[in-house]
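Asker: First the structure, which I've put down as structure tokens, then a few questions once you've had a look.
The values are calculated or read from the model by the stated rules, or taken from the named source; none is laboratory data. Keep in mind that what you see is a predicted model, and the values were worked out from it rather than measured. Here the Cβ is made from the backbone with ideal geometry for all residues, glycine too, and neighbour counts use every protein chain on show.
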Amino acid sequence: MTVHHVIVGNSIAGVEAALAIRRRDADARITLVSGEHAHPFARVSLMYVLCGQLSLRDTELHGRDLYERMRFERVHGWVRRVDPTTRTLHLDDGATVGWDRLLLAVGSRARRLPGTDPDDPAVHHFVRLEDLERLDRAAVRGRSVAVVGGGLIGVEVAEALHARGLRVHFLIREPWYFPVALDGRESEVVAAHIRGHGVDVRTRCAVSGVEPVGEKRRLRLPDGPLDVDLVVAAVGVEPATGFLAGSGVAVHPQTGGVEVGDDLRSSSTPDVVAAGDCAQVAWADGSRRPEQLWYTARDQGRVAGLAMVGDEVRYRRGTWYNSAKFFDLEYTTAGWIPASHPGAQVPPSEGWTTWYQADGVRTLRVVCKDGVVKGFNALGARWDHTVWLRWIQERRALAWVLPRLAESHFHEELDRPFLAAPTATLTEGA
């Protein structure tokens, strides 16, 4: 009997799962259900669409003949209810889809900024395609905008809107920008760089409310009100699992992530699997929570596809890495870099050391335990994170790594090598 695999969500986790199923079962019936876009696209590239540097089609992950070539069925629509008893999906247009095995790869939705009206046309987010389309219509040159939230989405939106000629206020609640990844020294470099582009960057700037004042929106801030034309809330994301209420598919009461085991199978519902931003997975520290990263969604999708065809699988995330740009300032990280803002949970200082060097906007921070490198954090230069990951896995000592830094530095035209210098510091603690 042909097994019908139904995948809700056709972004990176969903499409990678479908491809994994097809590689293992040439005869399987595979259906992808999504109301967002007809073709899988790189969500991390949406800022370039907003900037006008790419079209949406430029961000598509595969040729538009993918479904036909792989014999995937495509159902366009949003799932409003899941009935595991009858193994049926109920869509927003009244249609139903039956399944033998179900993958939930529904991703994230933007977290709302407290104190805002969800129907306010001047308040925007930047997670889904519909967010891009709304913001694209509203982002008119000369208008003013407050971007609220000190993470990667916030800085991407700030850069894109600045490039479109809007006056940008970048409001960050924490003591410095991106405290889950940068320490105070690194954040100062980033903030100064962004300010140098003409953006108003404010830290320790919690928004306590937003209210309409004529055609403007007034934000209540610690140092007084700020009136702007638009507000973009970039205060994080949460799993888009609200439609699972009452279905019996267990979700975590705090995070909203689908409760799964190490094999990504639902802990409560047979033949249901979850992957990507919406799955409650194991982290290196033993906790379980969703991972909102493109490459972990990709990896989980591949594991989930194998789980759906009955393979014995176990998802375990590899060593952390990521890269981004703060305007045109490069950022690369690999390994374990603890959050360093006041109140963050950090290991005791015993045995831990931090090596740090700054050269203008080029900085490098290396965190070690008993002299063995555990993580790298860098600004202002382009690094090969695969080399860093190899050194971490090989448990290389700091004294071994420092003379070899040039091996991991991408040398570009007119870019001088980043070499360890006597001005570097080595301090206790991580």
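Asker: Looking only at region 218-243, filter to residues that are in contact with a Gly (Cβ under 6 Å, 6 or more places away or on another chain) and assigned to a strand (DSSP E or B); which one of those is surrounded by the fewest Cβ atoms within 10 Å (Cβ to Cβ)?
Answerer: Of everything passing the filter in region 218-243, R220 is surrounded by the fewest Cβ atoms within 10 Å (Cβ to Cβ).
Asker: Which of the residues spanning region 403-415 are loosely packed, with under 14 Cβ neighbours inside 10 Å, in contact with a Lys or Arg (Cβ under 8 Å, 6 or more places away or on another chain) and at pLDDT 80 or above?
Answerer: F410
Asker: Then there is this: Is there a residue in region 280-296 that is over 17 Å from R316 (Cβ atoms) and of a type in the set (D, E, K, R)?
Answerer: No, there is no match, as no residue in region 280-296 is over 17 Å from R316 (Cβ atoms) and of a type in the set (D, E, K, R).
Asker: Moving to a separate point now. I need the full set of residues from region 174-195 which are more than 21 Å from the chain's Cα centre (by Cα) and surrounded by fewer than 17 Cβ atoms within 10 Å (Cβ to Cβ), in order please.
Answerer: Residues satisfying the conditions are P175, G184, R185, E188, A192, R195.
Asker: Now for a different question. Residue under question is G242, and the condition is that it be under 28 Å from Q292 (Cβ atoms) and not assigned by TED's automatic domain parsing to the domain that holds F326; does it hold?
Answerer: Yes; evaluated as a whole, the condition is true for this residue.
Asker: Next up: Identify, from the list V127, V147, the residue that is in a loop (DSSP other than H, G, I, E, B) and closer than 25 Å to L56 by Cβ.
Answerer: Every option except V127 fails the conditions.
Asker: Now a separate question. Can you pull out the residues in region 244-257 that are out of contact with any Pro (no Cβ under 7 Å at 6 or more places or on another chain) and either assigned to a strand (DSSP E or B) or crowded, with 19+ Cβ neighbours inside 10 Å (or both)?
Answerer: L244, V251
Asker: Among the aliphatic types (A, V, I, L, M) and in contact with a helix residue (DSSP H, G or I) (Cβ under 7 Å, 6 or more places away or on another chain): which single residue out of V79, V75 fits that description?
Answerer: V79 is the lone residue from the list that is among the aliphatic types (A, V, I, L, M) and in contact with a helix residue (DSSP H, G or I) (Cβ under 7 Å, 6 or more places away or on another chain).
Asker: A further question follows. Could you check region 48-61 and list, in sequence order, the residues that are over 18 Å from Y295 (Cα atoms) and surrounded by 15 or more Cβ atoms within 10 Å (Cβ to Cβ)?
Answerer: Across region 48-61, the qualifying residues are Y48, V49, L50, C51, L54, L56.
Asker: Quick one: which of R80, R64 is surrounded by fewer than 15 Cβ atoms within 10 Å (Cβ to Cβ), in a strand (DSSP E or B) and in contact (Cβ under 8 Å) with a residue 24 or more places away in the chain?
Answerer: Answer to the selection: R80.
Asker: Going by the structure shown, is V49 under 28 Å from A158 (Cα atoms), among the β-branched types (V, I, T), assigned by TED's automatic domain parsing to the domain that holds R302 and in contact (Cβ under 8 Å) with a residue 60 or more places away in the chain?
Answerer: Answer is yes for this residue.
Asker: Does region 379-386 contain at least one residue that is in a helix (DSSP H, G or I), among the charged types (D, E, K, R) and over 26 Å from A192 (Cβ atoms)?
Answerer: No, every residue in region 379-386 fails to be in a helix (DSSP H, G or I), among the charged types (D, E, K, R) and over 26 Å from A192 (Cβ atoms).
Asker: Is there a residue in region 17-27 that is farther than 15 Å from V273 by Cβ and crowded, with 24+ Cβ neighbours inside 10 Å?
Answerer: No - not one qualifying residue is present in region 17-27.
Asker: Within region 162-173, does at least one residue satisfy the condition of being outside the structural domain of A279 (by TED's automatic domain parsing), surrounded by fewer than 15 Cβ atoms within 10 Å (Cβ to Cβ) and assigned to a loop (DSSP other than H, G, I, E, B)?
Answerer: Looking for residues that are outside the structural domain of A279 (by TED's automatic domain parsing), surrounded by fewer than 15 Cβ atoms within 10 Å (Cβ to Cβ) and assigned to a loop (DSSP other than H, G, I, E, B), one finds at least one in region 162-173, hence yes.
Asker: Now, a different point. Condition (residue is surrounded by 18 or more Cβ atoms within 10 Å (Cβ to Cβ), in the same structural domain as A274 (by TED's automatic domain parsing), of a type in the set (F, W, Y) and in a loop (DSSP other than H, G, I, E, B)) applied to region 95-110: is it met by at least one residue?
Answerer: Within region 95-110, one or more residues are surrounded by 18 or more Cβ atoms within 10 Å (Cβ to Cβ), in the same structural domain as A274 (by TED's automatic domain parsing), of a type in the set (F, W, Y) and in a loop (DSSP other than H, G, I, E, B).
Asker: Now a separate question. Among the numbered conditions (1) more than 19 Å from the chain's Cα centre (by Cα); (2) part of a helix (DSSP H, G or I), tell me where P118 comes up short.
Answerer: Result: P118 passes all but (2).
Asker: Kindly indicate the residue of region 28-47 that is closer than 30 Å to L135 by Cα and β-branched (V, I, T) and also surrounded by the most Cβ atoms within 10 Å (Cβ to Cβ) among those meeting that condition.
Answerer: The qualifying residue surrounded by the most Cβ atoms within 10 Å (Cβ to Cβ) is V33.
Asker: Return the residues of region 204-217 that are in a loop (DSSP other than H, G, I, E, B) and either of a type outside the set (A, V, I, L, M, F, W, C) or under 19 Å from G142 (Cα atoms) (or both); say none if nothing qualifies.
Answerer: R204, S208, G214, E215
Conditions tested, residue by residue: (1) in a helix (DSSP H, G or I); (2) surrounded by fewer than 17 Cβ atoms within 10 Å (Cβ to Cβ); (3) assigned by TED's automatic domain parsing to the domain that holds V15; (4) on the phi < 0 side of the Ramachandran plot.
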position: D263; (1), (2), (3), (4): no, yes, yes, yes
position: V273; (1), (2), (3), (4): no, no, yes, yes
position: D277; (1), (2), (3), (4): yes, no, yes, yes
position: Q280; (1), (2), (3), (4): no, no, yes, yes
position: Y315; (1), (2), (3), (4): no, no, no, yes
position: E350; (1), (2), (3), (4): no, yes, no, yes
position: T354; (1), (2), (3), (4): no, no, no, yes
position: A358; (1), (2), (3), (4): no, no, no, yes
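Asker: While we're looking at this one, here's another question. Read through the list (1) in contact (Cβ under 8 Å) with a residue 12 or more places away in the chain; (2) at positive phi, then give the number of the only condition that G94 fails.
Answerer: Condition (1) is where G94 drops out.
Asker: Could I ask something else about it? Taking the condition of being crowded, with 17+ Cβ neighbours inside 10 Å and outside any helix (DSSP H, G or I), how many residues in region 289-311 meet it?
Answerer: So the answer is 5.
Asker: Name the one entry in W400, W391 that is out of contact with any strand residue (DSSP E or B) (no Cβ under 7 Å at 6 or more places or on another chain), at pLDDT 95 or above, farther than 25 Å from F327 by Cα and surrounded by 14 or more Cβ atoms within 10 Å (Cβ to Cβ).
Answerer: Checking each option against the conditions leaves just W400.
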